[in-house]
Amino acid sequence: MRLVRTTIVRSKNLVWSAVVRRIFQQYFPLLLIVWIIFVLYPNPSKLIISVQRIFSPAIDPVAVEPMLYDLPSDPEATEKVVLERIPYCYDWEVYDVPWYFPTAAEVLQKGKGDCKARAIVLASIFEAENIPYRLNISPIHVWVEYKGKVETQLENPEVKFYQLDPVTGKKLFQIPDIRLREIMDSTWQGFWEPMPGSRKALLFSGLFILVTARVILGSRDKKKN
């Protein structure tokens with residue numbers, strides 16, 4: 001009886017080992033991607049929601065109603081007030097993830113945020129005050145375009161890849177005229193530098209374990225062959 005149980009256990013272990021080896025051989029890149037996403041987004045719904053909000057931003061005129069009473073009527077002056085009242089902070093510092101597209105209500109609750117946060121609040125104000133505007137998104141920036149808006153290196157028609165006109169509902173896509181080096185520098189500055197040290201350690205330790213396990217399993221397979 002004991003011999004039978006031992007044989008069953010060994011068989012199960014062999015089957016399990018074969019499954020693990022097959023997973024590491026065929027799906028190793030996927031394992032790396034899953035681990036990276038898990039470390040960056042312990043709650044993956046934040047990433048999914050953020051991607052959805054790129055094309056359907058949560059513009060909310062009701063949320064910004066308390067701000068409307070003492071705002072100037074000029075759009076440019078209104079933008080300056082929004083930038084002053086919402087200090088710039090990276091998503092890591094506000095939402096504990098590398099990239100998150102918030103609602104206007106979330107931004108006002110936190111009281112800070114990056115260009116996405118500022119843009120969504122400004123767009124909500126313009127919506128409430130019936131000021132024509134367009135929401136523009138480039139690979140490294142989000143901003144609100146309005147009549148009289150001064151173009152800058154970050155905010156101009158050439159660098160955007162997506163534009164939403166809330167009045168007509170028209171959506172525009174184009175290839176942005178922006179240097180790859182600029183995208184890489186912005187990504188490093190916004191995603192990597194403010195990333196907590198504990199998350200960096202967790203990321204690298206997990207990747208090290210996965211790579212080590214892959215090498216060990218691969219060497220065992222070579223010995224068997």
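The values are calculated or read from the model by the stated rules, or taken from the named source; none is laboratory data. Since this is a predicted model, take the numbers as computed values, not measurements. Because the Cβ atoms are built from the backbone with ideal geometry, glycine has one as well, and the counts that use them run over all protein chains shown.
Okay, here's what the table says:
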| item | result |
| --- | --- |
| Helices (runs of 4 or more DSSP H) contained in segment 1-89 and holding at least 2 residues modelled with pLDDT under 70 | 2-26 |
| Members of segment 142-166 found to be of a type in the set (Val, Ile, Thr) and surrounded by fewer than 16 Cβ atoms within 10 Å (Cβ to Cβ), listed by number | VAL150, THR152 |
| Single unsatisfied condition, PRO87 versus (1) more than 22 Å from MET184 (Cα to Cα); (2) under 24 Å from the mean Cα position of the chain (by Cα); (3) surrounded by 19 or more Cβ atoms within 10 Å (Cβ to Cβ) | (3) |
| Qualifying position, being touching a residue at least 40 places away in the same chain (Cβ under 8 Å) and either closer than 19 Å to LYS80 by Cβ or in the same structural domain as GLU76 (by TED's automatic domain parsing) (or both), among PHE126, PHE173 | PHE126 |
| Some residue of segment 18-32 being over 17 Å from the mean Cα position of the chain (by Cα), more than 30 Å from ILE209 (Cβ to Cβ) and aliphatic (A, V, I, L, M) | no |
| Of all residues in segment 109-150 being small (Gly, Ala, Ser) and farther than 15 Å from LEU164 by Cβ, the one that is farthest from the chain's Cα centre (by Cα) | GLY148 |
| Members of segment 39-82 that are surrounded by fewer than 16 Cβ atoms within 10 Å (Cβ to Cβ), within 30 Å of PHE208 (Cα to Cα) and either touching a residue at least 60 places away in the same chain (Cβ under 8 Å) or not hydrophobic (A, V, I, L, M, F, W, C) (or both) | PRO42, ASN43, PRO44, SER45 |
| Residue in segment 90-108 that is farthest from the chain's Cα centre (by Cα), counting only those that are assigned to a helix (DSSP H, G or I) and surrounded by fewer than 18 Cβ atoms within 10 Å (Cβ to Cβ) | ALA105 |
